[in-house]
Amino acid sequence: MVGIQASAQTEANARIQAQIQSQSQSQSKSGGSIAPKVRESALRSHLAYLADDLLEGRGTGQRGGELAARYIATQLQLMGLQNISTDVRNPYLHKVNILGIKTLPETQIRFEGKVGAYAPQLGSEILLATSSIQEAVDIDAPMIFVGYGIKAPEENWDDYKNIDVRGKVLVMMVNDPQPTELEPQRFAGKAMTYFGRWVYKFEEAARRGVAGVILIHTDASAAYSWSVPQTSFGRERFHLAGSGNPMEGWWAEASIKPFFATQGIDLDALRAQAEKSDFVPVELPIRVHASVRSTVRQVEQFNVLGLVPGTDAKLKNEALIYSAHWDHLGKIEEPGKPSQIWNGAVDNASGAAALLAMAEYAVKHPSKRSQIFLWPAAEEQGLIGSLAYTRAPAWPLKTTIADLNLDSMNFVGKTKDIGVAGSERSSLYHDAQIVARQMRLSIAKSVPDLGGAYYRADHFNFARAGVPAFNVGSAVFSGDGYFEFEHEHMHSERKMKHFKNDYHTVRDRYDPTWDLSGMVQQAEFTLMLGYRLANAKTVPQWNANDPYRKIREEQVKAQVGQK
């Protein structure tokens with residue numbers, strides 16, 4: 001079987017090289033101008049299949065997810081993309097080892113203070129889990145308040161102040177320190193930075209060897225209601241193997257605040273102190289007694305990827321990545337309830353399907369630099385697949401020029417603008433403007449990133465690994481007449497607003513009546529931008545003041561040193 005696969009791959013590679021030579025000659029004669037075309041029929045057929053009940057919502061660690069990954073890999077081989085996976089038995093697949101962890105009902109926690117003790121109700125008041133490999137975690141540790149739990153040298157901010165917090169339970173706020181009159185732009189002003197995300201706070205705590213981390217939840221600071229983490233912690237959660245905290249969770253403000261008051265602790269006063277850069281961690285007169293019980297399983301998932309080699313003898317050693325995660329939330333089964341399939345048609349069968357349709361065009365029209373098409377796994381579980389890729393990339397990050405990501409695409413019709421939020425952090429914004437003008441599109445109006453959207457999609461893992469990256473969005477449907485035909489505007493806007501209620505619910509299902517012209521438009525913009533970058537003389541650069549620029553500069557220095 002392996003021999004047959006190897007033979008098929010050799011033949012596919014030969015076809016690619018022949019296509020490359022032909023296209024190179026064609027582009028040379030035409031001046032290299034490319035206006036890519038994405039077939040709507042191909043996009044629609046991939047979308048309909050990936051969002052079908054047969055794939056059971058493409059859940060991480062579930063059969064439907066395995067089917068989705070295998071389907072995409074098969075399509076890449078059929079199209080003739082080159083396999084760059086080192087797994088001989090699984091061409092086009094990049095293994096990701098994940099821990100699947102589910103908190104059991106017998107999990108308990110009790111906070112013992114100077115004046116009595118309190119055991120909040122699991123689920124309604126407090127949420128607990130482990131991200132370690134241990135099925136039984138027992139904790140008896142002191143509690144310390146660490147403000148926002150942030151260490152950010154670029155902001156001259158350190159909530160830890162070099163205090164040893166090993167073996168302690170940290171309680172902290174979500175979001176960032178808020179802007180002030182004297183510092184209106186600290187931590188990006190009103191927008192949320194990565195330091196405000198719960199993921200960062202758990203990561204930073206894990207680096208310090210703590211016993212546990214508890215985040216204080218408010219709707220305003222988290223940018224979502226209690227039901228969001230409640231749903232997540234009530235199901236199996238996933239982590240990259242070898243990382244995490246013995247205990248982590250959320251505590252609702254309505255529960256923690258009155259308990260703190262009984263212990264003589266003013267939570268509002270603590271939070272006010274934490275808004276200042278000279279804040280010092282506060283040891284609380286509270287001891288934490290917890291027993292976290294979980295089921296833990298090893299889960300093998302796969303990123304899917306294929307390569308279209310470049311045509312230029314030198315530039316082909318550099319690559320551009322297009323990405324779109326293939327997973328969603330899968331089939332949900334709860335005791336006493338009928339099973340439900342969370343199909344994730346828009347999020348993100350749409351992006352996965354669009355990427356396949358884009359690859360179909362790209363393999364027939366190679367660029368000077370190489371192009372990689374990547375479908376990360378387990379995005380819905382915390383960007384796990386893309387993180388695993390950047391930690392063990394199939395193509396060196398130092399010669400990866402950019403990542404253009406697609407997630408939850410436009411299914412309501414053509415627009416007159418395109419969303420490029422996040423591109424302004426680098427020279428990608430300038431390139432996006434040029435491509436938009438070529439396609440007679442305007443750039444969608446920017447809005448403050450209050451929910452930290454830039455840090456919640458797969459492109460972010462490339463960004464923090466030094467690779468310029470952003471998520472190519474659809475239009476902002478705000479009543480300003482962005483649609484190609486004015487009489488269609490209100491109907492399309494209603495569809496998009498309605499989807500906000502369907503996001504991450506069982507109602508995100510494929511509808512055969514969807515107008516995919518806007519999705520095709522979005523895919524073609526992304527591909528056209530990709531060709532501009534892949535054929536350019538220079539590569540994208542981070543802005544001078546962007547924190548990820550330093551990472552990129554270190555990669556470039558290492559590359560020069562190796563030469």
Restricting to the stretch 330-354, and then to whatever is surrounded by 24 or more Cβ atoms within 10 Å (Cβ to Cβ) and among the aliphatic types (A, V, I, L, M), can you tell me which residue is farthest from residue 381 (Cα to Cα)? 354
Can you find a residue that is over 26 Å from residue 421 (Cα atoms) and either in contact with a Leu (Cβ under 9 Å, 6 or more places away or on another chain) or at pLDDT 95 or above (or both) anywhere in the stretch 148-155? yes
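Test residue 388 against the criterion of being farther than 24 Å from residue 78 by Cα, outside any strand (DSSP E or B), in the same structural domain as residue 77 (by TED's automatic domain parsing) and hydrophobic (A, V, I, L, M, F, W, C), and give yes or no. Reasoning before the result, please.
Numbers: farther than 24 Å from residue 78 by Cα: yes; outside any strand (DSSP E or B): yes; in the same structural domain as residue 77 (by TED's automatic domain parsing): yes; hydrophobic (A, V, I, L, M, F, W, C): yes.
Considered against the rule, which asks whether it is farther than 24 Å from residue 78 by Cα, outside any strand (DSSP E or B), in the same structural domain as residue 77 (by TED's automatic domain parsing) and hydrophobic (A, V, I, L, M, F, W, C), residue 388 comes out as yes.
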When only residues in the stretch 163-197 that are part of a loop (DSSP other than H, G, I, E, B) and of a type in the set (Ser, Thr, Tyr) count, which is nearest to residue 144 (Cα to Cα)? 193
Can you name every residue in the stretch 207-265 that is out of contact with any Leu (no Cβ under 7 Å at 6 or more places or on another chain) and of a type in the set (S, T, N, Q)? 218, 221, 225, 227, 231, 232, 243, 245, 255, 262, 263
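Listed here are the residues, each with its yes/no results for (1) in contact with a Phe, Trp or Tyr (Cβ under 9 Å, 6 or more places away or on another chain); (2) buried (at least 18 other Cβ atoms within 10 Å of the Cβ).
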{"residue": "179", "(1), (2)": "yes, no"}
{"residue": "182", "(1), (2)": "no, no"}
{"residue": "215", "(1), (2)": "yes, yes"}
{"residue": "224", "(1), (2)": "no, no"}
{"residue": "227", "(1), (2)": "no, no"}
{"residue": "231", "(1), (2)": "no, no"}
{"residue": "242", "(1), (2)": "no, no"}
Mind counting the residues in the stretch 328-379 that are over 18 Å from residue 502 (Cα atoms) and in contact (Cβ under 8 Å) with a residue 40 or more places away in the chain? 28
Identity of the residue in the stretch 499-526, within 16 Å of residue 351 (Cα to Cα) and among the acidic types (Asp, Glu), that ends up surrounded by the fewest Cβ atoms within 10 Å (Cβ to Cβ): 511
Within the stretch 393-436, which residues are within 18 Å of the chain's Cα centre (by Cα), free of Cβ contacts under 8 Å to residues at least 60 places away in the same chain and in a loop (DSSP other than H, G, I, E, B)? 393, 420, 421, 422
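For the stretch 157-181, which positions are over 15 Å from residue 202 (Cα atoms), touching a Lys or Arg at 6+ places or on another chain (Cβ under 9 Å) and modelled with pLDDT of 95 or more? Even if it seems obvious, please write down each step before you answer.
First, pick out the residues of the stretch 157-181 that are over 15 Å from residue 202 (Cα atoms): 157-158, 161-164, 177-181.
Filter once more, so that each one left must be touching a Lys or Arg at 6+ places or on another chain (Cβ under 9 Å): 157-158, 164, 177-180.
157, 158, 164, 177, listed by residue number.
Select from the stretch 288-315 the residues that are of a type outside the set (Val, Ile, Thr), outside any loop (DSSP other than H, G, I, E, B) and out of contact with any Asp or Glu (no Cβ under 6 Å at 6 or more places or on another chain) and list them in ascending order.
The initial filter retains those residues of the stretch 288-315 that are of a type outside the set (Val, Ile, Thr), namely 289-291, 293-294, 297-298, 300-303, 305-307, 309-310, 312-315.
Now narrow it down to the ones that are outside any loop (DSSP other than H, G, I, E, B): 289-291, 293-294, 297-298, 300-303, 305-307, 315.
290, 297, 298, 300, 301, 302, 303, 305, 306, 307, 315 - these are the residues of the stretch 288-315 that are of a type outside the set (Val, Ile, Thr), outside any loop (DSSP other than H, G, I, E, B) and out of contact with any Asp or Glu (no Cβ under 6 Å at 6 or more places or on another chain).
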Being more than 24 Å from the chain's Cα centre (by Cα) and among the basic types (Lys, Arg) narrows it down to one of 110, 70, 63, 58, so name that one. 110
Of the residues 24, 28, only one is small (Gly, Ala, Ser), part of a helix (DSSP H, G or I), modelled with pLDDT under 95 and surrounded by 14 or more Cβ atoms within 10 Å (Cβ to Cβ); which? 24
Sole miss for residue 129 among (1) in contact with a Phe, Trp or Tyr (Cβ under 7 Å, 6 or more places away or on another chain); (2) surrounded by fewer than 23 Cβ atoms within 10 Å (Cβ to Cβ) is condition (2)
Those residues of the stretch 333-365 which are within 12 Å of residue 504 (Cα to Cα) and outside any loop (DSSP other than H, G, I, E, B), in sequence order: 341, 342, 345, 346, 347, 348
Given the conditions (1) touching a residue at least 40 places away in the same chain (Cβ under 8 Å); (2) more than 21 Å from residue 379 (Cα to Cα); (3) surrounded by fewer than 13 Cβ atoms within 10 Å (Cβ to Cβ), report the number of the one that residue 87 does not fulfil. (1)
What pairs come up if the first residue lies in the stretch 184-201 and is closer than 14 Å to residue 457 by Cα, the second is in a helix (DSSP H, G or I) and among the hydrophobic types (A, V, I, L, M, F, W, C), and their beta carbons are under 7 Å apart, counting only those six or more places apart or on different chains? 193/187
Expected single match for in a loop (DSSP other than H, G, I, E, B), among the aromatic types (Phe, Trp, Tyr) and under 30 Å from residue 59 (Cα atoms) among 200, 160, 148, 224 is 224
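For (1) modelled with pLDDT of 95 or more; (2) of a type in the set (Ser, Thr, Tyr); (3) under 29 Å from residue 304 (Cα atoms), each residue gets a yes or a no:
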site: 417; (1), (2), (3): no, no, no
site: 428; (1), (2), (3): yes, no, yes
site: 433; (1), (2), (3): yes, no, no
site: 438; (1), (2), (3): yes, no, no
site: 447; (1), (2), (3): no, no, no
site: 455; (1), (2), (3): no, yes, yes
site: 459; (1), (2), (3): yes, no, yes
site: 467; (1), (2), (3): yes, no, yes
site: 477; (1), (2), (3): no, no, no
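Does the stretch 321-340 contain at least one residue that is within 28 Å of the chain's Cα centre (by Cα) and among the basic types (Lys, Arg)? Before you say what the answer is, go through the steps one by one.
Residues of the stretch 321-340 that are within 28 Å of the chain's Cα centre (by Cα), as a first pass: 321-334, 339-340.
Checking which are among the basic types (Lys, Arg) leaves us with 331.
Yes, because at least one residue in the stretch 321-340 is within 28 Å of the chain's Cα centre (by Cα) and among the basic types (Lys, Arg).
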When you go through (1) assigned by TED's automatic domain parsing to the domain that holds residue 535; (2) out of contact with any helix residue (DSSP H, G or I) (no Cβ under 6 Å at 6 or more places or on another chain) one by one for residue 318, which number turns out not to apply? (2)
Identify, by number, the condition in (1) farther than 15 Å from residue 130 by Cα; (2) modelled with pLDDT of 95 or more that residue 209 doesn't meet. (1)
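The values are calculated or read from the model by the stated rules, or taken from the named source; none is laboratory data. These figures come from a predicted structure and were not determined experimentally. Glycine also receives a Cβ, built like all others from the backbone with ideal geometry; neighbour counts cover every protein chain displayed.
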